[in-house]
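Comments concern the structure below.
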Amino acid sequence: MSEKNIKLSVKNVTKIFGKNPKKAIQLLKEGSSKGEILKKTGSTVGVNQAAFDVYAGEIFVIMGLSGSGKSTLVRTINRLIDPTAGEILIDGKDITKMKKDELRDIRRKKISMVFQKFALFPHRTVLENTEYGLEIQGIQKDKRKESAIKALKLVGLEGYENQYPNQLSGGMQQRVGLARALATDTDILLMDEAFSALDPLIRKDMQDELLELQNSMEKTIIFITHDLDEALRIGDRIALMKDGEIVQIGTPEEILMNPSNQYVERFVEDVDLSKVLTAGHVMKRAETVQVDKGPRVALQLMKKLGISSIYVVDKKQTLLGAIHAEVAKEAVEAGKGLHDIIDPNVQKVTSDTLLTDLFDQVSTASIPVAAVDENSRLLGILVRGAVIGALAGNNETINDIDQARAEAAASQLKGGNQ
Amino acid sequence: MEGIIPKLPVSKWVDLFVDWLTVTFAAAFDGVSNGLETIVEGIVTGLGYIPFYIFIILLGLVAWKLSSKGIALFTVIGLLLIENLGYWEPMLETLALVLSAVFLSVIIGVPVGIWASQNRTVKQIVTPVLDFMQTMPAFVYLIPAIFFFNIGIVPGVVASVIFAVPPTIRLTILGIHQVPADIIEATESFGSTTGQRLIKVQLPLAMPTIMAGINQSIMLALSMVVIASMVGAPGLGADVYRAVTQIQIGKGFEAGLAIVVIAIVLDRITQNIGVKKQGGNM
């Protein structure tokens with residue numbers, strides 16, 4: 001995606017279900033809530049003035065809980081549901097104003113759709129299902145067979161051409177659904193909870209495969225899901241919906257770091273931290289002394305802080321070693337510099353070490369373990385109590401809990417099985 | 001007996017209406033009458049040319065192919081019994097009557113059902129008409145049928161069609177409406193025309209239900225054969241009717257038994273047509 005071309009532009013799309021859409025729209029514009037409108041007009045607001053752009057080649061996820069209007073919204077994009085108000089531009093053309101035959105042409109050549117419950121034709125074989133979109137365009141038999149077989153190959157269903165959908169597992173059925181949508185080679189792919197009916201392991205596989213496919217195809221994908229996990233995994237950008245409204249649009253990172261919605265907040269809170277917490281999350285500020293200072297300064301510092309040893313760094317904060325109080329006292333008497341008395345054999349770990357991996361080290365060390373970066377610069381120290389506390393699930397010892405959770409959530413999504 | 005509101009002259013209106021129909025559409029009714037008569041008699045003569053044993057073997061094979069071995073056996077034994085009792089000729093006439101009535105029911109019923117399934121207004125008009133057709137006692141429209149088509153097999157066929165067509169229409173509508181909404185959405189999302197959606201998706205998926213409707217139509221048409229015989233339709237019904245009027249209990253039972261055999265054979269054979277076509281369950 002070198003240049004961001006707007007492929008699809010949704011402008012203030014509203015869908016009212018019920019008898020009095022005009023009045024309901026009027027009320028919406030005046031800022032009435034969904035509940036008020038239902039009370040006053042008897043109409044339900046399905047989608048409330050949704051507006052977003054989707055760039056060519058991106059996966060745009062629309063996420064929301066059931067009843068949030070996400071499925072209605074995606075259906076307005078190919079007008080399976082006619083929006084009550086608003087515009088939808090595909091390559092600059094407003095499809096809400098199109099006549100039947102123009103719309104049919106758009107559906108045939110520009111947009112295809114994958115459904116939650118697969119919606120395969122049970123009386124047709126896998127191949128015939130995949131061919132359907134081309135068949136109704138009147139494309140010749142051998143040509144459409146060729147395209148269909150190519151699409152089936154893409155989704156890994158070679159050899160299943162002559163099976164019937166009910167002979168396949170759920171995951172395979174949805175592959176057929178995907179192949180059917182790919183066979184017509186449209187630019188835009190609408191995926192309505194496409195993986196929600198699959199069990200979690202298969203779902204993850206399908207997500208990975210979709211991402212892989214997307215690498216080579218560069219389709220514009222609008223993906224609907226109620227699963228934040230899924231949204232964060234596959235979305236280039238995510239739109240969060242609630243009560244028919246889009247409440248936030250952003251990249252997965254933005255959504256996690258700055259959750260504007262309770263649901264996201266709750267999700268971020270629920271992430272299992274113990275698997276992802278690192279030294280960096282629990283380290284405390286380290287008290288250090290610069291190596292060119294004398295032992296007297298070091299001793300003074302230790303006395304003031306009430307500690308028995310202190311880490312020594314150079315001007316660049318590179319960790320050189322530690323100084324123990326008794327040694328420093330002797331050095332003062334003997335008139336030695338800090339250089340001569342540094343104990344270089346200190347325990348150090350990098351700040352991205354997992355807490356579970358450094359538990360042994362921390363529990364046996366005589367002085368707090370040092371956390372360093374890849375250039376050996378001292379970042380902080382690991383106090384035994386804090387490490388154990390964090391591992392035990394005591395969040396108070398974690399530095400920036402929100403940050404940690406967000407990172408944890410993000411890494412869980414990327415790694416998957418860490 | 002005179003009430004405050006004078007009795008509505010409904011009977012007079014109907015009489016006038018039927019008179020008007022008879023006069024105005026005389027030519028059309030004659031055409032239909034001649035056409036139907038030719039068809040039914042054609043079937044009877046055609047079937048009559050086939051020696052009974054070949055006919056029995058053929059029907060047995062059809063039963064085996066479409067249903068099961070047991071039904072095939074029943075078909076063969078049942079038909080042999082009919083031949084043995086001496087009802088072969090009337091049985092063929094009844095078969096011709098039923099098959100033409102069903103044929104017409106399908107020709108009329110399936111398109112009407114499809115139309116009604118696509119158009120709400122049509123459905124709202126068709127449904128009460130069907131109720132009317134099914135609940136109005138058959139004798140009532142048998143009489144005007146004589147006016148229109150004379151006595152004989154034709155008014156019998158017409159009365160049978162009126163009685164038998166509703167299930168085909170109803171179940172065609174039902175079958176099409178039963179196709180899951182997401183499958184319809186899928187066909188729409190690929191840009192199907194209404195015709196493509198119907199022919200490629202809705203009708204094939206509705207087929208088992210439509211076949212169940214046709215099966216019901218066959219059964220209803222069969223149940224009309226005795227009533228049809230009252231307006232002069234030949235066949236097993238006429239034998240039953242004659243036996244009843246002459247109080248010949250044994251004869252009546254024989255003819256009735258033949259009707260039962262035909263009914264079971266036709267039912268079992270047609271029951272499985274739609275079901276077997278689709279690979280497994282949905």
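Filtering B:220, B:198, B:203 for residues that are touching a Phe, Trp or Tyr at 6+ places or on another chain (Cβ under 6 Å), in contact (Cβ under 8 Å) with a residue 40 or more places away in the chain and under 20 Å from residue B:109 (Cβ atoms) leaves a single hit, B:220.
Take residue A:68 and tell me if it is touching a residue at least 60 places away in the same chain (Cβ under 8 Å), hydroxyl-bearing (Ser, Thr, Tyr) and either assigned to a loop (DSSP other than H, G, I, E, B) or under 25 Å from residue A:218 (Cα atoms) (or both). Yes, satisfied.
For the stretch B:117-141, the tally of residues that are closer than 28 Å to residue B:195 by Cα and either in contact with a Ser or Thr (Cβ under 8 Å, 6 or more places away or on another chain) or of a type in the set (D, E, K, R) (or both) stands at 4. Among the numbered conditions (1) at the interface with another protein chain (Cβ under 10 Å from one of its Cβ atoms); (2) under 10 Å from residue A:183 (Cα atoms), the only one that residue A:120 does not meet is (2). Do you know which of the residues in the stretch B:264-282 that are modelled with pLDDT under 85 and crowded, with 16+ Cβ neighbours inside 10 Å is nearest to the other protein chains (Cβ to nearest Cβ)? Selected residue: B:278.
Residues are listed down the side, and each one gets a yes or a no for (1) at pLDDT 90 or above; (2) touching a helix residue (DSSP H, G or I) at 6+ places or on another chain (Cβ under 8 Å); (3) farther than 21 Å from residue B:113 by Cα; (4) within 14 Å of another protein chain (Cβ to nearest Cβ):
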site	(1), (2), (3), (4)
B:198	yes, yes, no, yes
B:204	yes, no, no, yes
B:207	yes, yes, no, yes
B:216	yes, yes, no, no
B:225	no, yes, yes, no
B:249	yes, yes, yes, no
B:256	yes, yes, yes, no
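Determine if the stretch A:185-194 includes at least one residue that is without any contact (Cβ under 8 Å) to a residue 12 or more places away in the chain and either in a helix (DSSP H, G or I) or at negative phi (or both). No, the stretch A:185-194 contains no residue that is without any contact (Cβ under 8 Å) to a residue 12 or more places away in the chain and either in a helix (DSSP H, G or I) or at negative phi (or both). Would you say residue B:232 is more than 14 Å from every other protein chain (Cβ to nearest Cβ), in contact (Cβ under 8 Å) with a residue 60 or more places away in the chain and either assigned to a helix (DSSP H, G or I) or of a type in the set (Gly, Ala, Ser) (or both)? Against the criterion (more than 14 Å from every other protein chain (Cβ to nearest Cβ), in contact (Cβ under 8 Å) with a residue 60 or more places away in the chain and either assigned to a helix (DSSP H, G or I) or of a type in the set (Gly, Ala, Ser) (or both)), residue B:232 qualifies. Of all residues assigned to the stretch A:321-334, none qualifies as being outside any strand (DSSP E or B) and within 44 Å of the chain's Cα centre (by Cα). Restricting attention to the stretch B:243-252, the residues that are without any contact (Cβ under 8 Å) to a residue 12 or more places away in the chain and either surrounded by 13 or more Cβ atoms within 10 Å (Cβ to Cβ) or within 19 Å of the chain's Cα centre (by Cα) (or both) add up to 2. Scanning for something in the same structural domain as residue A:223 (by TED's automatic domain parsing), surrounded by fewer than 17 Cβ atoms within 10 Å (Cβ to Cβ) and without any contact (Cβ under 8 Å) to a residue 12 or more places away in the chain, does the stretch A:103-125 turn up at least one residue? Scanning the stretch A:103-125 turns up at least one residue that is in the same structural domain as residue A:223 (by TED's automatic domain parsing), surrounded by fewer than 17 Cβ atoms within 10 Å (Cβ to Cβ) and without any contact (Cβ under 8 Å) to a residue 12 or more places away in the chain. Scanning the stretch A:73-87 for residues that are within 13 Å of chain B (Cβ to nearest Cβ) and crowded, with 18+ Cβ neighbours inside 10 Å yields a total of 8. Within the stretch B:174-195, residues that are facing another protein chain (nearest Cβ under 7 Å) reach partners that are small (Gly, Ala, Ser) and not in a loop (DSSP other than H, G, I, E, B) with beta carbons closer than 7 Å, at six or more positions or on different chains, in the pairs B:189/A:112; B:190/A:112; B:190/A:133.
Scanning the stretch A:152-170 for residues that are within 13 Å of chain B (Cβ to nearest Cβ) and crowded, with 19+ Cβ neighbours inside 10 Å returns A:164, A:165.
Filter the stretch A:132-151 down to residues that are within 9 Å of chain B (Cβ to nearest Cβ) and under 25 Å from residue A:196 (Cβ atoms) and give me whichever is surrounded by the most Cβ atoms within 10 Å (Cβ to Cβ). Residue satisfying both the conditions and the ranking: A:133. Restricting A:111, A:95, A:106, A:90 to those that are within 12 Å of chain B (Cβ to nearest Cβ), farther than 25 Å from residue A:209 by Cβ and at pLDDT below 95 reduces the list to A:106. Condition check for residue B:117 on (1) without any contact (Cβ under 8 Å) to a residue 40 or more places away in the chain; (2) in contact with a helix residue (DSSP H, G or I) (Cβ under 9 Å, 6 or more places away or on another chain); (3) under 22 Å from residue B:215 (Cβ atoms): one failure, at (1).
Within the set A:13, A:61, A:45, A:54, the sole residue that is in contact with an Asp or Glu (Cβ under 9 Å, 6 or more places away or on another chain), crowded, with 19+ Cβ neighbours inside 10 Å, under 22 Å from residue A:255 (Cα atoms) and of a type in the set (A, V, I, L, M) turns out to be A:61. The combined condition, being touching a residue at least 24 places away in the same chain (Cβ under 8 Å), facing chain B (nearest Cβ under 8 Å) and in a helix (DSSP H, G or I), is not fulfilled by residue A:129.
The values are calculated or read from the model by the stated rules, or taken from the named source; none is laboratory data. Quantities reported herein were computed from a predicted structural model and do not represent experimental measurements. Glycine gets a Cβ as well: all are built from the backbone with ideal geometry, and neighbour counts include every protein chain shown.
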